[in-house]
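Below: one structure, written as structure tokens.
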Protein chains: 4
Amino acid sequence: MRREIGVAVIGTGFMGKAHALAYRAVPNAFPNSLKPRLVAVADVSEAGARQAAEQYGFERATGNWKTLLDDPNVHVVSITTPCSLHREMALAAIAAGKHVHCEKPIAPSASEALEMMKAAEAANVITQVGYNYIKNPILKLTREMIASGELGEVTSFRGVHAEDYMADPEIPYSWRVDPQNGAGALAEIGNHIVGMARFLLGPIAQVNAQLETVNKTRPVAPGSVERREVKVDDIARLIVQFERGCSGSIEANWAATGRKMQLEFEVYGTKGALLFSQERFNELKYFKAGADLRTAGFARIEAGPAHPPYDNFTVAGGHQLGFNDLKTIEMAEFLAAIEHRSPTFPDFREAWEIQRVVDAAIRSSAEGQRIPL
Amino acid sequence: MRREIGVAVIGTGFMGKAHALAYRAVPNAFPNSLKPRLVAVADVSEAGARQAAEQYGFERATGNWKTLLDDPNVHVVSITTPCSLHREMALAAIAAGKHVHCEKPIAPSASEALEMMKAAEAANVITQVGYNYIKNPILKLTREMIASGELGEVTSFRGVHAEDYMADPEIPYSWRVDPQNGAGALAEIGNHIVGMARFLLGPIAQVNAQLETVNKTRPVAPGSVERREVKVDDIARLIVQFERGCSGSIEANWAATGRKMQLEFEVYGTKGALLFSQERFNELKYFKAGADLRTAGFARIEAGPAHPPYDNFTVAGGHQLGFNDLKTIEMAEFLAAIEHRSPTFPDFREAWEIQRVVDAAIRSSAEGQRIPL
Amino acid sequence: MRREIGVAVIGTGFMGKAHALAYRAVPNAFPNSLKPRLVAVADVSEAGARQAAEQYGFERATGNWKTLLDDPNVHVVSITTPCSLHREMALAAIAAGKHVHCEKPIAPSASEALEMMKAAEAANVITQVGYNYIKNPILKLTREMIASGELGEVTSFRGVHAEDYMADPEIPYSWRVDPQNGAGALAEIGNHIVGMARFLLGPIAQVNAQLETVNKTRPVAPGSVERREVKVDDIARLIVQFERGCSGSIEANWAATGRKMQLEFEVYGTKGALLFSQERFNELKYFKAGADLRTAGFARIEAGPAHPPYDNFTVAGGHQLGFNDLKTIEMAEFLAAIEHRSPTFPDFREAWEIQRVVDAAIRSSAEGQRIPL
Amino acid sequence: MRREIGVAVIGTGFMGKAHALAYRAVPNAFPNSLKPRLVAVADVSEAGARQAAEQYGFERATGNWKTLLDDPNVHVVSITTPCSLHREMALAAIAAGKHVHCEKPIAPSASEALEMMKAAEAANVITQVGYNYIKNPILKLTREMIASGELGEVTSFRGVHAEDYMADPEIPYSWRVDPQNGAGALAEIGNHIVGMARFLLGPIAQVNAQLETVNKTRPVAPGSVERREVKVDDIARLIVQFERGCSGSIEANWAATGRKMQLEFEVYGTKGALLFSQERFNELKYFKAGADLRTAGFARIEAGPAHPPYDNFTVAGGHQLGFNDLKTIEMAEFLAAIEHRSPTFPDFREAWEIQRVVDAAIRSSAEGQRIPL
């Protein structure tokens, strides 16, 4: 009989749902995993919590997230609330000895992330942060090819995360553009590509960045003539140096008309190159240097059983994983880390590191100079 | 409180797993759906059934599928066994008043499919057959655009389903190439593209086909020097006439080196054209005639919330569905048809129609002439 | 000092211009080639001929093409007039001992093509026909890879030539749809893909075809309410058997809305596969079987100096050839064949072979049966 | 009778050949153009000049370029020698009253470019510099769409020119990496994308750049163990501000393994977006904001007759231009500017402006700060 592990989720929005679905999907795709028992769900609205409990199969619902912490059946807490609430919740959960999954970004600044990280490490609980795109089997392959030297020495990185959901200047002012929430394109989506760069190539040693606010005011409410000044970035451009010696560029842009998920990178090395786009995330393009010039070219690798854990979902190549499957892998790895007391990735430490890059970029942009990390 | 519906699954292989996962996923993605209660799972091996029950959460396991039929808690039976067993199981389930989901192809010949269809219609049970690729939101869009006249009058269809899993002549002889199972590339994967053609354009009135066996013998066992003659097709090519007046071509090929999921079509009409490939099934290419020549071109539509039920899985465009999500949509639609006593698609009648095309193609190839349906 | 060769061109339309440009471009790109001396240009309109002479640098112009035949300075005659005039002109030029380049299709039927071929072979003159797409360096690579066994045994071919220039039913009746001209989509563009199939895989042994007229009537003049019945095909679909043992499909379609140059093929073999589209004719996709499954995939080969005679045009990869460059290669090869008395391809014999396939397809469609060649 | 214009070319390498071919091709594609008379060709090697004269049809050859300047038949001088020789030659040609075409970069620094520009403007001669990629009809369309407001207000630009011809660290030290020649990836290929950015969006007001030498030493000769330090950039990354108010990024990289011609940009505006890659330079991807969400997407525009002067080369869409055709357009526009005394683009002034950006980037990188222009 498989061991169960009690899970509670705080928040019932897009990400609350994604967590619930992923926890439920884990045992199907990962039969040897700890089996999540959906003990409780919390929301500021108790009615909302009750509805989510019914829909996703939680045993109980609450309007007071603090009650989760006393529940001995809860071993894991998932925090999916707005960023400004993460710190208080995470610190309380850690204090109660719970393992914590927190959505990204974990905090509006590196200093708060650091506090959370230190608490978690002192309490020796397992943490994970929702940078789920790197859970893609194709990204694992990418990392492995770089780590094993198949690309030779890496010489260059080019990364982008561009979408268009804030392109329209008539989208009203909201928490998304409130600097109190550590918001802005870089903090909200750029951290995905920053995290991906670190996942593939390791620490960033220096940042030279320029952030820009394209839509300088927004209506205070839909259709309102009154407008409020926006102070966070719509576009951020970074030139980065990696500790390993190579350099690269990173762009975050949430005003890129027409783009829904341009989370892309290109990595060039002395022995090969890899190109990836989240727009077609079941593919990777690979150029191998030194091949016959007549037939050399970027090969389109399709995700398949040769790329674990793809085959936990479907046994045949070409079938393709979806976004929710990436979330399931993320949760399965989190539960495996809890079970085996092994390191997880990205944990609170990694989230802090990513936030440090974001903070350095903001400072670099303001001061007009390169910032070492 | 949501109404439950009792489900039993026969078979615990690739598709048995896919069904179990899909039933479990339905209530998460479709909160208003009947909620499947996983009552029982059957397998020829009782141990296998027990393992599956544990893994996927069925209440009980059995080595004798017939016991499912007496169980009043079972309202739905999913048949995921090899094709040659479908008929007996389906007829028994129908006789017991169960709704039946059966994997494709439902039978090795149209005559057996017809018998199953007639039994189901006489018993007034709901049936569904696992042609899941058409459950893709992008395919629903395609159908809708054709039906609404956005393409004008359709003039031409070109369809292919090519993979390479049987390309190697050293793959041993097995049920896959046994004509008793109605096997061959056309019957096994070609029916997907035949079904898709029908889904989009309606009935096929005439078939002119040539089937070919590329690998004419196969080892009787892995590595064996003894070889057995193969009589089923590796490649089938059809020229078809649709009842609506247009014509098209269809190819099935399971020896297409390098292809993992080339399930593709192109539809041309007087007002536009649509191109689709399952290799990138979250996309559709659309050309709209009559636009400004300076800027006209095939647009790459990305699946998103404008394409229901995409947003049952994720609220933002560009996130993409996976193969298993298509299976979940299929099961949700099946359960909705049961709940509302509404037509489902593709049902046993549709599966029979598809099989009629397959049978006609085999006859056309053998007789060297065009066959009306 | 390079030897000159006197050239005359009959016809001053699109193809007349293309020939003139190509002859002029040959010595630049192919410095060792015979140098074409543009002796004369002929057109039904003498004024048109004079204008072309001025524009393209011909020494003289004439309204009577027959005068070219007596000119001892003319060694080569290019025929670029409508198809129905080819036979008379070619026979006369051959009788006068000229080498002949003729645009495709050389004749409205195989029997006329045969007569022209026999005359040319009896007179021992060099001939060439304008199937210029196969002059692409990437196509030469394709052929070489197949011939050398890099694809293993070829198992399947899928070819298409689809455009949309006749999609609009209001395009008036003209020579294009006049069966006297041997017209129709198959005869006019389908012969390109038929020729390409033969170029790559050799002779076709059997054809099973269906031709269809989509636009069954056309106005007798632009905007006219009077309409005339169209008897030639808008779409032709062929299932073909190659002498080498494999089979394939071919489609010709000039009513494919949105397509400008979908001249495409896919070739599958036991050791690999190749995909090509004229829409991106400086590229070839190559899958090599047996590679590491982790990194296998279709490689996008870009035309470059490794693919002669690419580097006659530009020394660096990635720069790309244009359509007119393919025409230049065609002319250079024609002149080289004349100089060295070596075989050229495709010559009148090859054009006859292609026309035999077209004729067999028309007969197959009419009789409803497979036609051996 | 068309007016002739006498042309001389200095240099007989890759670009010398390209100029000769282009001058010869102009009258064919542009029948109303001045007709270039190839008066003379010069090379340091008189034998080389003679060979080029024979091959490309120049009337005379010389080992002393200065003799061209006294020749009254020479109205135009094309300079295709290494960059370090441009200044002397251009100034002499200008002093002799010749119109001057000079290959890019015109000078190793902006100050030398400025001197050349001033001389040309004072002498009132027409100049042009070989930034030929912008002569692409698809690029003209891009510029027009931006200028006409079809993209709305431009918010962002992302540009790259990456190739791999200097990726191998064993390529010997040469003029290419000699700072005396103003060399480096930015100066040699990056100026193409800088020029393209200016062509599309206008002047650049500020540069923040980091240049990097990846291959820090190179052998002094092929295979030599002795190595010499390289001081120029292999990779340059720029964050730029345009005068019009938007910002962007630019990368130059000649060590990008696998890339042959990744000259790419993406432009985002409030009403649309455009994506271009020189790897497929007969295409442009266009997203139009505000369209029906069901069918919105990036459209792949194929170059065709709607994009002048495409139809000067071929009358039908989908046929595609090649690199040499772009050069022909460049020369035709240069000759038209001479004939009509109209502005040409890019002229020496524009080349100076581009060089100013390059110089600013070098300075920004060295000083670690943003540089206004």
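The values are calculated or read from the model by the stated rules, or taken from the named source; none is laboratory data. Everything numeric here is computed off the predicted structure, so don't read it as measured data. Here Cβ is always computed from backbone atoms with ideal geometry, including for glycine, and neighbour counts include all displayed protein chains. Ligands, DNA and RNA are excluded from the accessible area calculation, which covers all protein heavy atoms including side chains. Shrake-Rupley method; radii C 1.70, N 1.55, O 1.52, S 1.80 Å.
Points worth noting:
- In the structure shown, the pairs A:Lys260/B:Lys327; D:Lys260/D:Lys285; C:Lys140/C:Lys260; A:Lys140/A:Lys271; B:Lys285/C:Lys327; C:Lys35/D:Lys66 are assessed against 28 Å; a Cα-Cα span above that value is assigned to B:Lys285/C:Lys327; C:Lys35/D:Lys66.
- For chain A, averaging the sequence separation of C-alpha pairs within contact (under 8 Å, six or more residues apart) and dividing by the residue count gives a relative contact order of 19 percent.
- Nearest-to-axis residue of chain B, judged by beta-carbon position, where the axis maps B onto D, in Å: B:Ala299, 2
- Based on alpha-carbon atoms, the Kirkwood radius and the radius of gyration of region D:45-156 give Rg/Rh equal to 1.10.
- Length-normalised contact order for region C:49-113 - Cα pairs under 8 Å, 6+ apart - percent: 28 percent
- Base-10 log of normalised Debye intensity for region C:45-97 (one unit scatterer per alpha-carbon) at q = 0.17, 0.20, 0.22 Å⁻¹: -0.56, -0.77, -0.92
- Protein accessible surface hidden between D and A, which excludes ligands and nucleic acids, total in Å², probe 1.4 Å: 3100 Å²
- Counting from the shortest, the label point at A:Glu229, 7 Å from Cα toward Cβ, is 4.8, 7.9, 8.8 nm from the same position in each remaining copy.
- Expressed in units of 2.2 N^0.38 Å, where N is the residue count, the Cα radius of gyration of the protein assembly as shown is 0.97.
- For the segment C:155-164, counting C-beta atoms of other chains within 10 Å of every residue's C-beta and taking the mean gives 5.
- Residues in chain A average 33 Å² of solvent-accessible surface per residue, probe 1.4 Å, ligands and nucleic acids excluded.
- Sorted from longest to shortest, the spans of the Cα atoms of region A:251-373 along the three principal axes equal 50, 47, 33 Å.
- Label separation (C:Trp175 vs B:Asn73): 8.1 nm, computed from points 7 Å beyond Cα along the C-beta direction.
- Distance (nanometres) between label positions extended 7 Å along Cα→Cβ at D:Asp311 and D:Asp168: 4.6 nm
- Contact order relative to length of region A:1-93, as percent, for alpha carbon pairs under 8 angstrom and 6 or more apart: 35 percent
- Sorted shortest first, the separations between the D:Pro179 label point and its copies elsewhere in the assembly read 4.0, 7.9, 8.0 nm; each point sits 7 Å from Cα along the Cα-to-Cβ line.
- For the residues B:Ile239, B:Ile354, B:Ile250, a GNM of chain B with alpha-carbon springs under 10 Å puts the largest fluctuation on B:Ile239.
- When you count the other C-beta atoms within 10 angstrom of each residue and take the mean per peptide, B:6-12, C:222-228 line up highest first as B:6-12, C:222-228.
- Inter-copy label distances at B:Leu85, shortest first and taken from points set 7 Å along Cα to Cβ: 5.0, 7.3, 8.2 nm.
- Largest GNM mean-square fluctuation among A:Gly182, A:Gly322, A:Gly48, using chain A with Cα springs under 10 Å: A:Gly322.
- Computed per residue of the protein assembly as shown from DSSP H runs no shorter than four, each worth -39500 (n - 2.57), the mean residue ellipticity at 222 nm is -9500 deg cm²/dmol.
- Cα gyration tensor, chain A - rounded (a/c under 1.5), prolate or oblate: oblate
- Across C:Leu263, C:Leu321, C:Leu68, mean-square fluctuation computed from a Gaussian network of chain C (C-alpha pairs under 10 Å connected) peaks at C:Leu321.
- Point-to-point label distance, D:Asp292-B:Ala221, nm (Cα→Cβ direction, 7 Å offset): 6.1 nm
- Size of region B:308-373 from its Cα atoms: along the principal axes, largest to smallest, the extents are 52, 32, 16 Å.
- The accessible surface of the protein assembly as shown, taken with every protein chain in place and a 1.4 Å probe, is 51 percent carbon and sulfur.
- Over region B:101-212, volume per residue of the alpha carbon convex hull, in Å³: 151 Å³
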